[in-house]
Amino acid sequence: MKSLSARQIAEMVKGEVLGNPEQTVERVSSLKDAGADCCSFVGNKKYEHLLAATAAGIVLICRDLADQPLNNRTFIVCQNCDLAFGKVIEYFAMPRPASPVGVHPSAVVHPGVKLGKNVSIGPCAVLEEGVEVGDDTVIGAGCYIGNDVKIGAGCRLWPNVTVNYRCIVGNKVILNSGVVIGCDGFGFLPTAEGIVKVSQTGIVQIDDDVEIGANSTVDRARFGKTWIKRNVKIDNLVMVAHNVVVGQSCILVAQCGIAGSAELEQGVIIAAQAGVNGHITVGAGTQLAGTSSLAKSCPPNSIMLGTPAEPQREFMSRYTTPKKVERLKEKVAELEKKIAELEKK
Amino acid sequence: MKSLSARQIAEMVKGEVLGNPEQTVERVSSLKDAGADCCSFVGNKKYEHLLAATAAGIVLICRDLADQPLNNRTFIVCQNCDLAFGKVIEYFAMPRPASPVGVHPSAVVHPGVKLGKNVSIGPCAVLEEGVEVGDDTVIGAGCYIGNDVKIGAGCRLWPNVTVNYRCIVGNKVILNSGVVIGCDGFGFLPTAEGIVKVSQTGIVQIDDDVEIGANSTVDRARFGKTWIKRNVKIDNLVMVAHNVVVGQSCILVAQCGIAGSAELEQGVIIAAQAGVNGHITVGAGTQLAGTSSLAKSCPPNSIMLGTPAEPQREFMSRYTTPKKVERLKEKVAELEKKIAELEKK
Amino acid sequence: MKSLSARQIAEMVKGEVLGNPEQTVERVSSLKDAGADCCSFVGNKKYEHLLAATAAGIVLICRDLADQPLNNRTFIVCQNCDLAFGKVIEYFAMPRPASPVGVHPSAVVHPGVKLGKNVSIGPCAVLEEGVEVGDDTVIGAGCYIGNDVKIGAGCRLWPNVTVNYRCIVGNKVILNSGVVIGCDGFGFLPTAEGIVKVSQTGIVQIDDDVEIGANSTVDRARFGKTWIKRNVKIDNLVMVAHNVVVGQSCILVAQCGIAGSAELEQGVIIAAQAGVNGHITVGAGTQLAGTSSLAKSCPPNSIMLGTPAEPQREFMSRYTTPKKVERLKEKVAELEKKIAELEKK
């Protein structure tokens, strides 16, 4: 059984012990479920009541909470509790199952495929002609890697990922199960002979350090590329349409969608279930609130809410309209009375 | 050719025949498309006009409709028409194709895997080391079952389901095609060195009698477990984030999403395309309307609508604001006239 | 290296050359990124500024832009620029990788399966008993085709598609990766003994010339069929529930959802992230705006916006309410002053 003392944890996270440095814990837990053998954490003063009630042996806390009574518990004051607790979590966590190096005999790998060192190709994975895979990359069971796809080093493709032909995946990219990269963009043109499919001849390029969540989809470009730049983090069930450019370090939360040819500059955050219209530019650092729909381009560092999305001030003005109307009704009723009195005279 | 008489159906569904008990039918149909050889149903007085027009030989009806003219048709009055009709549907339905017991030779099953009795493992399915599967469970073609996953008895995993390492699936669980269980939670922390991935070291636990719809995703916990409790029913393309707890008998309709660490108490209904914010508690029996976004915790049996979601009364007040404004404009115009007259005097 | 002269392009697209017919290009590009060796296009006067700035050697333009200065570039005036540019794109595009005719040795094809001419069955694909596949159809790696499924001629199923038992797929149908056809509909009935699953005994029928985007799902009917009619185009991550009828040439954009038993008549467009309620009829040619939710049936050619969706006029009236309230507040303040003056007298 692994264990850690408060002293050891404080060293690990560069924190300061309040209480008994020899207090030990054997696992992590939420404040609510914790016992004396547990390490827990609270990084925000608004959860003070949970800290008061917890039976955790050791609690990582932020500086604001350092004046709380210990009550037989030991506190460790940390700069960034969440990050610090992550280290404790990792210490106690079982390691991920290893991915055996080599090509599983049931995998179907075209003879011309170039594999780096320490590559792992899972059962029933399929790698077509012309594929290249960098060192230390893991391609899970049932993955499909289409013709001429290039995948960098240190990537992990979880089982049942699809990367269609000619797409390019950088280094240290994580693709969760069910992700589809390089499916056809949604392009149709009305003609005299009816709706005609528009060929989608481009690719998807995914740069280094990108993570994409389960069952998300990224369409190939009509021509050129759909481009997910470095360090972008995409959650589950997200839709990125053809020719979209997602700037460096953008965050796309679950079930949001980016329509065709939109460009997100660096550091944009699109919250859950939100949508971005096609052919617009979203300024760097912009935040779009959950379920909101951004119809038009916006300047850097915008905070946009609602459908269609508006800046915070306009949104709040709209949101508080019903209250304004109630107040206005009262005022009008007052005036009505006054007028009635004036009329009597 | 199968057939049923009205008498036989009445026995099957414990209903009462109005009309000819020897009338027979050979298939089921909607009221609109039905002919004399069809059994149909209408469980709601608002569809009275469809009942009037149908040519169905036999119609299962609710008590309220028992006074409608038969016109050569036979009615069967039922307590619960929908449930009763389900029995007739099942009688006439072709059985599902059988799943051959045993391990298909193309499946890749680690030698240490423990399989119960009458288990069926489909073609190209992959079961990693340490997996356990209960009696009578069917694992479809192309499914991936990660290391140390436990799956109970009487489950059905349709083709191309992914269950990642260490997750726990109870008894009589149905996972539709494309479901992903135990993908990484979406956790990143801003640090001085940039965004850092937070290890997702927990699991997903799915209790008995759960059904999950096609292409839905359930993230593994940061630590501990994401927990889908007994009898929960989840539709297609639903997102359940890390550390969420979905209480017993909750219903999550298509394309809804539950953000990290939210807790749904028992019997909550989240309608289609709705969203629940992270770290909040949704009281037992609460209903969240379609496309609504619940931002804050709410007490049991709340009915919440809109974005952000409000109780029905507040929502309706907001919704009717434009009408109130029109009335107010008229009133103000009136007062203006009166004032003008007063000023003249 | 492929190349085309302006003269050749004009012939290809039936356009008119303005400038040098011997100007040649070697690839396509967006206006912004183009160099002198590129062909680009602009089909809308609102992008006039991009045309002014582009360095593209050849630009396909619409008639409205024919008066713009050439500045060493060559223009080709086209009837439908988008369509015309598609032809140039296709000329320069690398062809799609060929799909080898025949059954890959790793595929699992039941001996009774009937395959047409020139069929391609990819690695690790699974075709169950009773399947029939028409001429020239490509079934990608890892696809699962359930018992008795019929697939027409000239179809393409991209890798990792699932079509469950007895569903029917017409000719020239495209199913992108991760699509699930024929998963169980979401049907449960409350009873005295708790929630009971309703058997889903019907099928999905997909008619000719349909395309369905990556990770979309189409549920099988409770009985009868869920029906996607001819020429319907469905984008990624779309949900079509049980017993829905999607009329000819409808367009369902990404992440929208259609609830059970809804009927979309011909030519309906459901924009991204929108939703259609169950058991309603959407009149032919209706357009539902992005993220809107249609609660009730609507007549043909409706344009509906908002949640719940309203006709454009009502939506705009609702949308402009905050402004009306501001004007009303000003008006009331004016009247108040006047009354105060009257009272003084």
Subject >> Cα-based Kirkwood hydrodynamic radius, chain B, one decimal, Å >> reply: 23.9 Å
Original post:
Remind me, relative contact order of the range B:4-92 in percent, using alpha carbon pairs under 8 angstrom and six or more residues apart?
Top reply: 31 percent
Original post:
Based on the Cβ-Cβ distance of A:Lys45 and A:Gln79, what FRET efficiency does E = 1/(1 + (r/R0)^6) give at R0 = 22 Å, to the nearest 0.05?
Top reply: 0.90
Original post:
Relative to the other copies, what are the label-point distances for B:Arg313, with labels 7 Å from Cα along the C-beta vector, expressed in nm at one decimal and sorted shortest first?
Top reply: 3.5, 3.5
Original post:
To the nearest 0.05, how large is the calculated FRET efficiency for C:Lys32 and C:Asp135 if R₀ is 60 Å and r is the Cβ-Cβ distance?
Top reply: 0.85
Subject >> Qualifying GluC sites (Glu not before Pro) in the range C:1-73, DSSP loop, other Cβ atoms within 10 Å at most 15 >> reply: C:Glu22, C:Glu26
Subject >> Listed peptides B:302-311, A:240-249 by packing density, highest first (mean Cβ within 10 Å) >> reply: A:240-249, B:302-311
**OP:** For peptide C:230-238, compute the average count of partner chain beta-carbon atoms within 10 Å of each residue's beta-carbon.
**Re:** 6
Subject >> Average partner coverage of C:248-260, which counts Cβ from other chains inside 10 Å >> reply: 5
**OP:** Given the peptides A:175-184, B:252-261, arrange them by the average over their residues of other C-beta atoms within 10 Å, most packed first.
**Re:** A:175-184, B:252-261
**OP:** Would you mind telling me which residue in C:Ser29, C:Ser99, C:Ser120 has the biggest mean-square fluctuation in a Gaussian network model of chain C, where springs connect alpha carbons within a distance under 10 angstrom?
**Re:** C:Ser29
Subject >> Low-density loop positions, trypsin sites (Lys or Arg not before Pro), the range A:296-339 - DSSP coil, at most 13 other Cβ in 10 Å >> reply: A:Lys296
Original post:
What FRET efficiency, computed as 1/(1 + (r/R0)^6) with R0 = 41 Å and r the Cβ-Cβ distance, is obtained for B:Leu70 and B:Arg96, rounded to the nearest 0.05?
Top reply: 0.70
Original post:
Taking the label point as lying 7 angstrom from Cα along the Cα-to-Cβ axis, what are the distances from A:Gln79 to the corresponding position in the remaining copies, in ascending order and in nanometres?
Top reply: 6.8, 6.8
**OP:** Determine which lysines satisfy two conditions relative to A:Lys45: a Cα distance under 17 Å, and not lying fewer than 8 residues away in the same chain.
**Re:** A:Lys32
**OP:** Take peptide B:331-342, look around each residue's Cβ out to 10 angstrom, count Cβ atoms belonging to other protein chains, and average those counts.
**Re:** 6
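Could you tell me what percent of the DSSP beta bridges with both partners in the protein assembly as shown are antiparallel, to the nearest 5?
Here the antiparallel bridges make up roughly 15 percent for the protein assembly as shown.
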Subject >> Ellipticity estimate at 222 nm from DSSP helix runs (n ≥ 4, -39,500 (n - 2.57)) divided over the protein assembly as shown, nearest 500 >> reply: -5000 deg cm²/dmol
**OP:** For C:Met12 and C:Ala52, calculate 0.36 nm times their separation in residues minus their Cα-Cα distance, and state this gained length in nm to one decimal.
**Re:** 11.9 nm
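Cross-link list A:Lys337/B:Lys337; A:Lys296/C:Lys296; A:Lys338/B:Lys324; A:Lys87/B:Lys197; A:Lys338/B:Lys344: which exceed 20 angstrom alpha carbon to alpha carbon?
A:Lys296/C:Lys296; A:Lys338/B:Lys324
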Subject >> For the range C:4-92, share of DSSP beta bridges that run antiparallel, in % to the nearest 5 >> reply: 35 percent
Original post:
trypsin sites (Lys or Arg not before Pro), restricted to the range C:46-125: which are DSSP loop and have at most 15 other Cβ atoms within 10 Å?
Top reply: C:Lys117
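Read the figures in this text as sums done on the coordinates, not as results from a lab. The model shown is predicted, which means the values in this text are computed figures rather than measured ones. Methodologically, a virtual Cβ is constructed for each residue, glycine included, from the backbone with ideal geometry; neighbour enumeration extends over all protein chains shown.
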